[in-house]
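Here is the structure we will look at.
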Ligand SMILES: Cc1cc2nc3c(=O)[nH]c(=O)nc-3n(C[C@H](O)[C@H](O)[C@H](O)COP(=O)(O)O)c2cc1C
């Protein structure tokens, strides 16, 4: 996700400096080339060796270092960065940046870079609410510095309140958003995800293997790119992406109601959920007892949500998913025209590296004018980006 991105991670002297190790791990795991700069105070809390080992890059500590300046000078580092993150950021570094002070490696690099700067403050609640600090933060926000606000909680100093460093996952998410194109600003995108459950009795239900990973990747990526996202989700065990409006549903009927209620406010609808095609004709009020050797159940068709959306007079841009085990393109092409969709994402769920549960997918995108785009095996996050790229160009 952050492949080929060069990120400077500035670590300053707060007790939360150890959490920057976890942030570094998240950044490198997603492909970023991370260069750590530590202030003198930060080195009182965590050793440079930890960051150097995990980043596989030298850690910068001194502005006036002959060797470091020869290998990669302080301006070169600032010039080459795609993003500069300061986590944790002390009241001191924020005050220095706001005052234009550049008296060490980190503050000088911040001053010299043209890259976006993302600041994650962490400090005692009285420092955080101090009017001097508040004015410094306001000033930096006005100048376009990005902030990941601290959380409420018990602080290391024993005080209760705001000032606890945001979770590394939230800082990571803000970093990805800062590096994403903002090409979906102004769009409202509804995404359905996960399976549906059709109850037979109070203990049993019919469902499918959908994990929701593809729909959640689409929701996360669309939100990072500036869209307002409504995620209508069947029962899954995934956390809701930051900033996304989640509408949990259980059955196909509930999904239909939720989607149709919001369709009017959407510019795009992406139907990534695996909705039951049939549901039991009746739901028994009591547990169905074990009796004879065989049990027959009767099913009725559920409503076809994609077709309903396709028949709306003023319909949004419509993307459907086709999960097939055979004749992939034939079935997907038929679905595209019969349901009056604009794009079908067809994936072959007979493969072990695509479709349900796994983190990767292999898909073909089919369009109304007959165009086809083959997407090789890639992560669901990357496929989400490709699908959204196509939507942006189609809109
Ligand atoms: C144990 C300890 C914990 C500290 N924690 C914080 C903190 O969480 N946030 C903060 O702004 N300052 C904290 N400080 C104060 C900073 O370390 C101090 O302001 C220092 O000058 C910051 O330098 P730097 O911004 O160059 O890293 C702490 C100091 C000590 C001794």
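The values are calculated or read from the model by the stated rules, or taken from the named source; none is laboratory data. In this text, all values refer to a predicted model and were calculated from it rather than measured experimentally. Note that we place each Cβ from the backbone using ideal geometry, even for glycine, and neighbour counts take in every protein chain shown.
Brief remarks follow.
- Positions within segment 145-168 being out of contact with any helix residue (DSSP H, G or I) (no Cβ under 6 Å at 6 or more places or on another chain), at pLDDT below 95 and either on the phi > 0 side of the Ramachandran plot or not in a loop (DSSP other than H, G, I, E, B) (or both), in sequence order: 151, 152, 153, 154, 158, 160, 164
- Among residues of segment 156-185 that are not assigned by TED's automatic domain parsing to the domain that holds residue 267, those with a beta-carbon under 6 Å from a residue that is within 16 Å of the ligand (Cβ to nearest atom) and at pLDDT below 90 at least six positions away or on a different chain give the pairs 160/154; 162/152; 163/155; 164/153; 164/155.
- Taken residue by residue, segment 291-304 has at least one member that is within 22 Å of residue 368 (Cβ to Cβ), assigned by TED's automatic domain parsing to the domain that holds residue 337 and either surrounded by fewer than 18 Cβ atoms within 10 Å (Cβ to Cβ) or at pLDDT below 95 (or both).
- Flag for residue 241 being surrounded by 14 or more Cβ atoms within 10 Å (Cβ to Cβ), in the same structural domain as residue 259 (by TED's automatic domain parsing), modelled with pLDDT under 95 and not in a helix (DSSP H, G or I): yes
- Filter result for the condition that a residue is more than 16 Å from the ligand (Cβ to nearest atom) and either assigned by TED's automatic domain parsing to the domain that holds residue 172 or touching a strand residue (DSSP E or B) at 6+ places or on another chain (Cβ under 7 Å) (or both), over 114, 96: 114
- Some residue of segment 126-142 being within 14 Å of the ligand (Cβ to nearest atom), in contact with a strand residue (DSSP E or B) (Cβ under 6 Å, 6 or more places away or on another chain) and not in a strand (DSSP E or B): yes
- Residue identified as modelled with pLDDT of 95 or more and in a loop (DSSP other than H, G, I, E, B) among 31, 13: 13
- Checked against the criteria, residue 46 counts as free of Cβ contacts under 8 Å to residues at least 60 places away in the same chain, part of a loop (DSSP other than H, G, I, E, B) and more than 21 Å from the chain's Cα centre (by Cα).
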